[in-house]
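One structure is given here, and the rest of the page talks about it.
The values are calculated or read from the model by the stated rules, or taken from the named source; none is laboratory data. The shown structure was predicted, so the numbers you read here are calculated from the model rather than taken from an experiment. Cβ atoms come from the backbone with ideal geometry, glycine included; neighbour counts cover every protein chain shown. Ligands, DNA and RNA are stripped out before the accessible areas are found, and what is left, the full protein with its side chains, is counted by its heavy atoms. Shrake-Rupley method; radii C 1.70, N 1.55, O 1.52, S 1.80 Å.
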Amino acid sequence: MTVMETSTTLDELDVLDIVDAESRPAPRLRVENLRVAFPNRAGPHQVVGGVSFDLARGECVAIVGESGSGKSVTARSLVGLTGRDAVVEADRLELHGRDTRTLSPRQWRHLRGKEVGFILQDALVSLDPLRAVGVEISEALRLHGWGNRASRATRVLELLTRVGVPLPGLRARQRPDQLSGGLRQRALIASAIALDPDVVIADEPTTALDVTVQAQVLDQLEAMKERGASVILISHDLAVVARLADHILVMRDGEVLEQGPAAQVLGAPRHEYTRTLIAAVPSDRTRGTSLSGVALPEQIAAPAARGTVLEARGLVKRFLTPDGLSTVAVDDVSFDLVAGETLGIVGESGSGKSTTARLALALSELDGGEVRLLGQPWSAIPERKRRRLRRRISVVYQDPLSSFDPRWTVERILLDALPADTARAARLPRVRELLAQVGLGEEALSRFPLTLSGGQRQRVAIARALAPRPAVIVLDEAVSALDVTIQAQILDLLVALQRSEGLSYLFISHDLGVISHLSDRVLVMKDGVVVESGPPDDIFLRPRHPYTQELVASIPDFDPKGIS
Amino acid sequence: MTALRPSVIDAPRVALTKRPWSLYLSIGLLAFLAVAAVAPNLLAPYGPTAIDYDSALQPPSFLHLFGTDESGRDLYSRVIHGTSQSLLIGIGAAFVSLVLAVILGALAALSVKPVAILVDRSVEILFAFPALLLALLLIAITGPSAWTQVFAVGLGTAPGYARMVRGQILAAKNSGYVEAATALGHSRGRILHEHILPNALRPLVAVFALSIGQSIVWASGLSFLGLGVAPPSPEWGALLDAGRAYVTQASWLLLFPGLVIVALALSATSIGRHLQFYLEKGRRT
């Protein structure tokens, strides 16, 4: 292995080279000083500056970074998919010893699939919606002149079986929209490895997948690695990377900040940014500590209310499906949210957790059961009476942008959220105070949310939720769309606000790490039912229900201290 | 360890997109026509009905830019004098159409279910008739005049816009910001007034401009068929109708009014599109 160690001394490099030259064959992929630029009006804009690594048989190199780091562009430039405008330069770019810098698009088409497989993030847009997945995979074989019709059909079934698709005969005849997210992603992997390419590039292959499905996809990639394939894994998720990677490149703003063996990068990171990234990963080990390095207030304020602030008993919600049948989205769900605490509801897509959030907010009519807020009837009273009480419970959504009126500035959004009885003279000072509480400056007042970054928008959403001085805030996947370092800042902000304002949180998330970091009690939901509930230590260390056990086992284990 | 640090907000990016020449041309033409509508005598060298039999059916020349008609009237002057009427019919029809559309669309999107279904079905039935047929029906009942033309064209084009308004209001009603406002405890009236109507109706400004162009074409079509303003009037559709008889000898009588109608429709459409783009730019994600 001769990954270019940016910070190793010359002597160390020499030693490594000698060892490698004797014991290893030439790498399958050799990248030296790869640079990618896109021209814009001001001249060429460099988005990747100087990426170098080698990839050998059975090895996995991971490129880690947040959005805009240039990791995906790097991956695409390795398979000639950067687009016509991009200027790709490199001192060396070799696949199986062959220079790929001068390949024409036609030559690339011949290589892709056969020698390099490319797995994209979103299988729904990457697969042809009008074709059965079996036809799609078989097409990949046919284009490269593989076998005849009958042998290709057999091969499709063999591939689907290999990537862990149950009932391959049935699945091969189905279109992408008829398959679940996990099956789609596996079908995409099957088409990428149809011709047994010995280099596979996976760009965020498990993002947007449920954690149990993610575990299955990672198993497939691991199996491919064991069969001798070389894998390039692009991801923002250190836990995913930790499971597969032998070598890791950490990128930010197009620059490689650090690279080296996985154990060293994760266990003893040299660059400040890598340390920030690692520290930002939430888990049950980080509970009560800061993820972004800010000081959390020690002083814990008295809760804004006492006792049980939000009480749900036997909640039932049914929906009508298009074919007139009724499905139960939430079935007999009960919980208590204690003042000053965080109740985490965790579940995969379709588990009914977001419906539960809407029921708790009384934004959706119940089909059974009751919600009480601060000991008073909440779901049982008419909306007209509820309006006065609504200021006691507020909400933060996953996508803050769509929850803001696009015509309104931050100032108007926050003024609008103040209680009606706020004195006129006190309104603007209160808005400034709210902005300061969420760590935004006054210059944000005149901005439209569209011109703010994702983290800043979520801060505005939190400020709006704080404006009526609520006792309870419902956070529905509130940090799920954020980059990991931004997520860490928002999670720290939430903890700080909880301590200083005595807030209670109902925190909904699919992310077990976030849930275990934040929650005082956890509710695990599956198919509309609560399968297990209890303190996080019981749920994550001693799960009793088989589904909880499966969930917990699916979390890619990420303990930076345990790696080194 | 730092205290909760304010995150830095960069200065808003000012987009200085180049305005294409088509927009300037459109604005120029509309400005010219606006002057023609308000003060036609500034632009027209002759009166609209100044008859001069000696120069009947003259082809275009420097003396008569668009040529003359069978009575020797200067066509260019007649087009200029007809502008106010044509524009008023177009704007009036677009206005009638949008008012109807907003009423019907809002009823379909916001009222209680039985009413909404009734309105929905009625609009769909209207939608099933070609717009021209609806217009003809109205004119057949009331007889041709400038006013019936306005209402006929307005009624004919309203169903399409009503569907659009309904969709806009429904989208706003189901949006995240309306749910957020509900969660803040705002009343239905306040949400309707502050969020749903402004967001749903803002795009209509652009649609209005688009619809003026369309209405002028429809109205001219009706005049051409003899179902609008009658010939001695210099209204553009009426000019077309009058020129029809001479199409083989004096094709300019059809050509120039036709070109002016096309140019105005294109300008209104072009401005409408730019307006639409400008208004929607702020809400792209």
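Listed here are the residues, each with its yes/no results for (1) under 30 Å from B:Leu23 (Cβ atoms); (2) open to solvent by less than 30 Å² (accessible area, probe 1.4 Å).
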| residue | (1), (2) |
| --- | --- |
| B:Ser211 | yes, yes |
| B:Leu222 | yes, yes |
| B:Leu227 | no, no |
| B:Ser233 | no, yes |
| B:Ala245 | no, no |
| B:Thr248 | no, no |
| B:Ser251 | no, no |
| B:Pro257 | yes, yes |
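What are the pairs with Cβ atoms under 9 angstrom where one residue, in the range A:384-399, is touching a residue at least 12 places away in the same chain (Cβ under 8 Å) and under 22 Å from A:Glu501 (Cβ atoms) and the other, located anywhere, is open to solvent by 40 Å² or more (accessible area, probe 1.4 Å) and in a strand (DSSP E or B)? Sequence gap at least six, or different chains.
Going by the 9 Å Cβ cut-off, the qualifying pairs are A:Leu389/A:Gln376.
Among the numbered conditions (1) in contact with a Gly (Cβ under 7 Å, 6 or more places away or on another chain); (2) surrounded by 22 or more Cβ atoms within 10 Å (Cβ to Cβ), tell me where A:Ile232 comes up short.
The number of the failed condition is (1).
Here is a list of conditions, (1) more than 17 Å from A:Leu518 (Cβ to Cβ); (2) more than 14 Å from chain B (Cβ to nearest Cβ), and A:Thr286 meets all of them except one; can you say which number that is?
(1)
Scan the range A:301-339 for residues that are at positive phi and open to solvent by 70 Å² or more (accessible area, probe 1.4 Å) and jot them down.
Selection gives A:Asp332 alone.
For the range A:376-398, state whether one or more residues are surrounded by fewer than 19 Cβ atoms within 10 Å (Cβ to Cβ), assigned to a loop (DSSP other than H, G, I, E, B) and within 14 Å of another protein chain (Cβ to nearest Cβ).
Yes; the residues of the range A:376-398 include at least one that is surrounded by fewer than 19 Cβ atoms within 10 Å (Cβ to Cβ), assigned to a loop (DSSP other than H, G, I, E, B) and within 14 Å of another protein chain (Cβ to nearest Cβ).
Considering the range A:198-220 alone, what residues qualify as being more than 11 Å from the chain's Cα centre (by Cα) and charged (D, E, K, R)?
A:Asp198, A:Asp203, A:Asp219
Listed residues A:Val484, A:Val514; which is open to solvent by less than 10 Å² (accessible area, probe 1.4 Å) and farther than 18 Å from A:Ala312 by Cβ?
A:Val514
Among the residues of the range A:427-439, what is the count of those that are assigned to a helix (DSSP H, G or I), facing another protein chain (nearest Cβ under 9 Å) and open to solvent by less than 30 Å² (accessible area, probe 1.4 Å)?
Looking only at that region, the number is 1.
If you scan the range B:158-176, which residues turn out to be closer than 30 Å to B:Ile91 by Cα and open to solvent by 10 Å² or more (accessible area, probe 1.4 Å)?
In the first step, residues of the range B:158-176 are kept if they are closer than 30 Å to B:Ile91 by Cα; the result is B:158-173.
Correct list: B:Gly160, B:Tyr161, B:Arg163, B:Met164, B:Arg166, B:Gly167, B:Gln168, B:Leu170, B:Ala171, B:Lys173.
Scan the range A:68-106 residue by residue and report those that are of a type in the set (A, V, I, L, M), open to solvent by less than 40 Å² (accessible area, probe 1.4 Å) and assigned to a loop (DSSP other than H, G, I, E, B).
Those that are of a type in the set (A, V, I, L, M), open to solvent by less than 40 Å² (accessible area, probe 1.4 Å) and assigned to a loop (DSSP other than H, G, I, E, B): A:Val79, A:Ala86, A:Ala90, A:Leu103.
Taking only the range A:487-502 into account, find how many residues are assigned to a helix (DSSP H, G or I), more than 9 Å from every other protein chain (Cβ to nearest Cβ) and open to solvent by less than 10 Å² (accessible area, probe 1.4 Å).
Number satisfying all stated conditions: 5.
Do you know which residues across the range A:440-465 are open to solvent by 10 Å² or more (accessible area, probe 1.4 Å), part of a helix (DSSP H, G or I), more than 8 Å from chain B (Cβ to nearest Cβ) and touching a residue at least 24 places away in the same chain (Cβ under 8 Å)?
A:Gly454, A:Arg457
Checking A:Ala132 against (1) open to solvent by 30 Å² or more (accessible area, probe 1.4 Å); (2) under 21 Å from A:Val217 (Cα atoms): exactly one of these is not met. Which one?
For A:Ala132, the exception is condition (1).
Within the range B:266-279, can one find any residue that is within 14 Å of chain A (Cβ to nearest Cβ) and open to solvent by less than 50 Å² (accessible area, probe 1.4 Å)?
The answer is yes; a qualifying residue exists.
What residue, among those in the range B:103-149 that are of a type in the set (Gly, Ala, Ser) and loosely packed, with under 12 Cβ neighbours inside 10 Å, is nearest to B:Ile89 (Cα to Cα)?
Among residues in the range B:103-149 that are of a type in the set (Gly, Ala, Ser) and loosely packed, with under 12 Cβ neighbours inside 10 Å, the one nearest to B:Ile89 (Cα to Cα) is B:Gly143.
Determine whether A:Ala75 is among the small types (Gly, Ala, Ser) and farther than 25 Å from A:Val240 by Cβ.
No.
From the list B:Glu179, B:Glu194, pick out the single residue that is among the acidic types (Asp, Glu), under 29 Å from the mean Cα position of the chain (by Cα) and either open to solvent by 50 Å² or more (accessible area, probe 1.4 Å) or at negative phi (or both).
B:Glu194 is the lone residue from the list that is among the acidic types (Asp, Glu), under 29 Å from the mean Cα position of the chain (by Cα) and either open to solvent by 50 Å² or more (accessible area, probe 1.4 Å) or at negative phi (or both).
If only one of A:Asp128, A:Asp99 is among the charged types (D, E, K, R) and within 27 Å of the chain's Cα centre (by Cα), which one is it?
The unique qualifying residue is A:Asp128.
Return a yes/no flag: does the range A:28-44 have any residue that is open to solvent by 60 Å² or more (accessible area, probe 1.4 Å), at pLDDT below 85 and part of a helix (DSSP H, G or I).
No, the range A:28-44 contains no residue that is open to solvent by 60 Å² or more (accessible area, probe 1.4 Å), at pLDDT below 85 and part of a helix (DSSP H, G or I).
Which one is farthest from the other protein chains (Cβ to nearest Cβ) among residues in the range A:413-426 that are charged (D, E, K, R) and open to solvent by 60 Å² or more (accessible area, probe 1.4 Å)?
Selected residue: A:Arg424.
Does any residue of the range A:504-512 turn out to be among the polar types (S, T, N, Q) and in a helix (DSSP H, G or I)?
Checked the range A:504-512: no residue is among the polar types (S, T, N, Q) and in a helix (DSSP H, G or I).
So, in the range A:399-412, how many residues would count as being surrounded by 18 or more Cβ atoms within 10 Å (Cβ to Cβ), assigned to a helix (DSSP H, G or I) and within 9 Å of chain B (Cβ to nearest Cβ)?
2
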